[in-house]
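Here is the structure we will look at.
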Amino acid sequence: MDSIVTNGTLSATTLMGFAGRVGTYDRDNRFFTEDFEDLRRSGYLTINVPKEMGGQGFTLAEVGREQRRLAYHAPATALGINMHLYWIGVAADLWRAGDRSLEWILREAMKGEIFAAGHAERGNDLPVLLSTAKAEKVDGGFRFTGHKMFGSLAPVWTRYGLHGLWADAPNGPQIVHGFLPRDSMGYTIVETWDTMGMRATRSDDVKLDGAFVPDKYIARTLPAGTADPFVLAVFAWALLGFGNIYCGVAQRALDLATAAVKGKTALAVSRGMAYHPEVQHAVADMVLAFDPVAAHLDQVARDWVEGVDHGAAWPSKIVSAKHHAVEACWKVVDGAMEVSGGAGMFRANELERLFRDARCGRFHPANSMLVHEIVAKTALGIDLGEQPRWG
């Protein structure tokens with residue numbers, strides 16, 4: 001098939017095929033099975049594995065642009081695949097930096113293993129850094145107990161990236177990061193995914209009841225509340241991935257809205273609704289909101305790839321780019337619905353789905369409250385790990 005052309009990007013034919021299935025996935029609330037198989041066969045799932053190991057060697061910036069294109073046609077497909085690609089990207093960046101501790105992820109990805117993310121938990125607003133799940137040291141590995149949410153790729157993952165708190169670790173409480181093989185015992189996938197938007201990701205809950213992760217699949221053990229290059233890379237790949245997906249959604253909504261307005265007429269507007277001053281004002285607001293987004297995402301990603309030393313400001317840089325993309329997407333999609341008129345309320349109208357998909361962006365980490373905390377503390381020179389957290 002022609003899903004990947006010589007430069008590693010998805011072909012227009014393949015993307016149009018994805019676009020043709022989006023409505024069905026959303027309406028039936030089912031996983032993007034056909035898209036997934038196309039992506040697997042095409043080699044898209046290994047585009048960021050280093051060339052030396054058989055992949056395409058795409059960087060964070062390059063993957064971001066490809067994910068933006070995919071999201072323009074199939075947002076939920078792009079969002080689900082982001083959870084796999086970001087683990088590969090983390091391992092690849094560490095590998096290029098001389099840290100080969102996660103080389104096994106790259107090798108397993110080339111063999112067809114599918115990685116997913118198990119970070120979201122109720123009652124934890126600092127994902128990855130803290131955990132409500134329990135990690136217990138046992139012979140040969142760790143056992144994890146807890147309740148994870150938003151587990152995208154539930155039907156297909158084979159390696160579930162998770163973390164838990166090792167409370168009685170010898171050197172103080174530690175966060176243990178590991179990967180649960182699908183054939184393990186002690187966990188249950190609970191089909192909870194019946195949501196407003198991004199329905200095809202099938203991001204079901206996972207209940208852990210002493211699920212065993214062997215030592216070979218333990219990626220990191222870090223003091224609770226602290227980060228290292230591994231954790232920072234998780235944030236970079238995951239959050240900039242989110243940002244690019246919602247950038248693609250915003251672009252699609254803007255294109256649909258402007259095309260529709262050009263064809264709308266009204267009895268009291270002689271030259272069509274495109275000449276209505278308030279319609280023009282609304283379209284201008286959409287364009288003004290959208291225009292800086294891709295440039296912001298691209299610049300932060302380029303800085304990451306080029307090793308720019310932002311020091312302690314890196315978390316602020318990353319969350320800011322994701323935040324701007326999500327907020328702009330809301331504004332663009334809302335504006336698109338407004339200028340579309342009543343047509344946008346119908347399920348047969350693509351804007352109706354994009355409106356719902358766009359709502360999900362604010363739920364991905366970091367949410368608005370955490371973004372403002374990180375950005376403000378960074379600007380004020382306050383260590384993000386300083387305790388007490390407030391006051």
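The values are calculated or read from the model by the stated rules, or taken from the named source; none is laboratory data. Computed from a predicted structure; not experimentally measured. All Cβ positions, glycine included, derive from the backbone under ideal geometry; neighbour counts span all protein chains shown. Heads up: the accessible areas ignore ligands, DNA and RNA and are worked out on the full protein's heavy atoms, side chains in. Shrake-Rupley method; radii C 1.70, N 1.55, O 1.52, S 1.80 Å.
Output the number of the condition that Leu354 fails; it satisfies all remaining conditions of (1) crowded, with 18+ Cβ neighbours inside 10 Å; (2) outside any helix (DSSP H, G or I); (3) of a type in the set (A, V, I, L, M, F, W, C).
Going through the list (1) crowded, with 18+ Cβ neighbours inside 10 Å; (2) outside any helix (DSSP H, G or I); (3) of a type in the set (A, V, I, L, M, F, W, C), Leu354 breaks only (2).
Which members of the range 101-143 meet the condition of being farther than 19 Å from Met83 by Cβ, small (Gly, Ala, Ser), surrounded by 15 or more Cβ atoms within 10 Å (Cβ to Cβ) and touching a residue at least 60 places away in the same chain (Cβ under 8 Å)?
Passing the criteria: only Gly141.
Quickly run through the range 211-246 and pick out the residues that are out of contact with any helix residue (DSSP H, G or I) (no Cβ under 6 Å at 6 or more places or on another chain) and either free of Cβ contacts under 8 Å to residues at least 12 places away in the same chain or of a type in the set (Val, Ile, Thr) (or both).
Val213, Ile218, Thr221, Thr226, Asp228, Val231
Would you confirm whether or not the range 276-295 contains a residue that is modelled with pLDDT under 95 and part of a strand (DSSP E or B)?
Within the range 276-295, none of the residues are modelled with pLDDT under 95 and part of a strand (DSSP E or B).
Given the options Ala169, Ala227, name the one that is modelled with pLDDT under 95 and either closer than 30 Å to Arg359 by Cβ or surrounded by 15 or more Cβ atoms within 10 Å (Cβ to Cβ) (or both). Full working, then the answer.
Values: Ala169 fails: modelled with pLDDT under 95.
Within the list Ala169, Ala227, the selection yields Ala227.
Could you list, in sequence order, all residues of the range 44-70 that are of a type in the set (A, V, I, L, M) and buried (at least 22 other Cβ atoms within 10 Å of the Cβ)? Before you say what the answer is, go through the steps one by one.
We begin by selecting, within the range 44-70, every residue of a type in the set (A, V, I, L, M); these are 45, 47, 49, 53, 60-61, 63, 70.
Passing the criteria: Leu45, Ile47, Val49, Leu60, Val63, Leu70.
Of the residues that make up the range 134-144, is at least one closer than 19 Å to Ile218 by Cβ, touching a Pro at 6+ places or on another chain (Cβ under 9 Å) and among the small types (Gly, Ala, Ser)?
In the first step, residues of the range 134-144 are kept if they are closer than 19 Å to Ile218 by Cβ; the result is 134-144.
Restricting the remaining residues to those that are touching a Pro at 6+ places or on another chain (Cβ under 9 Å) gives 140-142.
Subsequent filtering for residues that are among the small types (Gly, Ala, Ser) retains 140-141.
The answer is yes; a qualifying residue exists.
In the set Gln280, Gln299, which member is under 30 Å from the mean Cα position of the chain (by Cα) and open to solvent by 40 Å² or more (accessible area, probe 1.4 Å)? Spell out how you get there, then give the answer.
Working: Gln280 fails: under 30 Å from the mean Cα position of the chain (by Cα).
That would be Gln299, the only listed residue that is under 30 Å from the mean Cα position of the chain (by Cα) and open to solvent by 40 Å² or more (accessible area, probe 1.4 Å).
State the number of residues belonging to the range 185-220 that are polar (S, T, N, Q) and surrounded by fewer than 17 Cβ atoms within 10 Å (Cβ to Cβ).
Just the residues of the range 185-220 that are polar (S, T, N, Q), to begin with: 188, 192, 195, 201, 203.
The next check asks that each one be surrounded by fewer than 17 Cβ atoms within 10 Å (Cβ to Cβ); those that pass are 188, 192, 195.
Going through the range 185-220 one residue at a time, the tally reaches 3.
Please enumerate the residues belonging to the range 5-43 that are open to solvent by 60 Å² or more (accessible area, probe 1.4 Å) and at positive phi.
Correct list: empty.
Give Gly140, Gly161 a once-over and let me know the one that is at pLDDT 95 or above, touching a Phe, Trp or Tyr at 6+ places or on another chain (Cβ under 9 Å), farther than 19 Å from Arg202 by Cβ and not aliphatic (A, V, I, L, M).
Matching residue, one of Gly140, Gly161: Gly140.
Would you call Ser340 loosely packed, with under 13 Cβ neighbours inside 10 Å and within 26 Å of Arg252 (Cα to Cα)?
no
Can you give me the number of residues within the range 230-255 that are surrounded by fewer than 19 Cβ atoms within 10 Å (Cβ to Cβ) and over 30 Å from Val90 (Cα atoms)?
Looking only at the range 230-255, we keep the residues that are surrounded by fewer than 19 Cβ atoms within 10 Å (Cβ to Cβ), and these are 232, 255.
Next, only the ones that are over 30 Å from Val90 (Cα atoms) stay: 255.
Matching residues across the range 230-255 total 1.
Output the residues belonging to the range 364-391 that are surrounded by 15 or more Cβ atoms within 10 Å (Cβ to Cβ) and either touching a helix residue (DSSP H, G or I) at 6+ places or on another chain (Cβ under 8 Å) or closer than 29 Å to Tyr72 by Cα (or both). Before you say what the answer is, go through the steps one by one.
We begin by selecting, within the range 364-391, every residue surrounded by 15 or more Cβ atoms within 10 Å (Cβ to Cβ); these are 364-367, 370-371, 373-375, 377-378, 384.
Across the range 364-391, the qualifying residues are His364, Pro365, Ala366, Asn367, Leu370, Val371, Ile374, Val375, Thr378, Leu384.
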